[in-house]
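What follows is one structure encoded as structure tokens, with my remarks underneath.
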Amino acid sequence: MAAGIDDYRRRCWDAALHAYGTSHIFQKRAARLKSRTDMLTWVGLAVPLLIGALVGTFGQNEHWSVVLTVGAVVAAVQLAMSLWSLVKRWPEELAYSSSSATANETLASRFTALGEDPPGHQALRTQFEKLTVEDTARRDRDNEKGVTEKERRMGMRAALRKYQRQCAACHQVPITMEPSDCAVCGQF
């Protein structure tokens, strides 16, 4: 039996919920990666500039060996972290996370708009199927990025909170992003 308008609207709202949750996950990843890469960049520039400024201002004195030792240790840690960021592909992951967050947010908005104000049955079905193809392709790419169960629960809580829907397990509508004991929308 063909799905009716109400069924397509429900499916639009469900898809919007999941796309928004995924957007939240990748927004959090992007924010974390941006702060890490910003810190590496700052340390990489600040240490040599600070040492140069100290030498230029005070010249070499009896404390110079301590300054060089501390600077060398910080530089060595920064170098190791920079190498780690390259191995773990932080710049590429930051770019992907940012674009995925935006794409999923857009999908959520489009599904929401379709669910709120659906066109006629045939147009609704056509638009829903078109969006579903885009959503499936996006999910396939996102699933390759190793989204954890903990992140999924956090994304679910964010989506339930945004759309003011009850969790299927705990039957609560989240009002904060504080983790609960729920196995579906908490424990993150």
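For the stretch 76-88, give me each residue that is among the hydrophobic types (A, V, I, L, M, F, W, C), farther than 15 Å from Val43 by Cβ and surrounded by 10 or more Cβ atoms within 10 Å (Cβ to Cβ). Walk me through how you get there before you give the answer.
The initial filter retains those residues of the stretch 76-88 that are among the hydrophobic types (A, V, I, L, M, F, W, C), namely 76-77, 79-81, 83-84, 86-87.
From what is left, the residues that are farther than 15 Å from Val43 by Cβ are 86-87.
The one that is among the hydrophobic types (A, V, I, L, M, F, W, C), farther than 15 Å from Val43 by Cβ and surrounded by 10 or more Cβ atoms within 10 Å (Cβ to Cβ): Leu86.
If you go through the stretch 40-75 and keep only what is loosely packed, with under 14 Cβ neighbours inside 10 Å and either closer than 30 Å to Gly146 by Cα or of a type in the set (Asp, Glu) (or both), you end up with Thr41, Trp42, Glu62.
Inside the stretch 104-124, can you point out the residues that are crowded, with 18+ Cβ neighbours inside 10 Å and in a helix (DSSP H, G or I)? Result: Asn104, Leu107, Ala108, Arg110, Phe111, Thr112, Leu114, Gly115, Leu124.
Screening Ala108 against (1) among the hydrophobic types (A, V, I, L, M, F, W, C); (2) in contact with a helix residue (DSSP H, G or I) (Cβ under 7 Å, 6 or more places away or on another chain); (3) at pLDDT below 95 leaves a single unmet condition, (3). The set of residues from the stretch 101-144 being within 14 Å of Leu17 (Cβ to Cβ), touching a residue at least 60 places away in the same chain (Cβ under 8 Å) and either touching a strand residue (DSSP E or B) at 6+ places or on another chain (Cβ under 8 Å) or acidic (Asp, Glu) (or both) comprises Glu105, Asp135. Within the bounds of the stretch 133-148, is there any residue that is surrounded by 12 or more Cβ atoms within 10 Å (Cβ to Cβ), farther than 27 Å from Gln187 by Cα and aliphatic (A, V, I, L, M)? No, the stretch 133-148 contains no residue that is surrounded by 12 or more Cβ atoms within 10 Å (Cβ to Cβ), farther than 27 Å from Gln187 by Cα and aliphatic (A, V, I, L, M). Looking at Ala80, Ala46, Ala101, just one residue is under 30 Å from Pro119 (Cα atoms), of a type in the set (Gly, Ala, Ser), in a helix (DSSP H, G or I) and within 33 Å of the chain's Cα centre (by Cα), and that residue is Ala101. Within the stretch 149-183, which residues are surrounded by 16 or more Cβ atoms within 10 Å (Cβ to Cβ) and aliphatic (A, V, I, L, M)? Passing the criteria: Met154, Met156, Ala158, Ala159, Leu160.
The values are calculated or read from the model by the stated rules, or taken from the named source; none is laboratory data. Predicted model only: the values in this text are computed from it and were never measured. We place every Cβ from the backbone using ideal geometry, glycine too, and count neighbours over all the protein chains shown.
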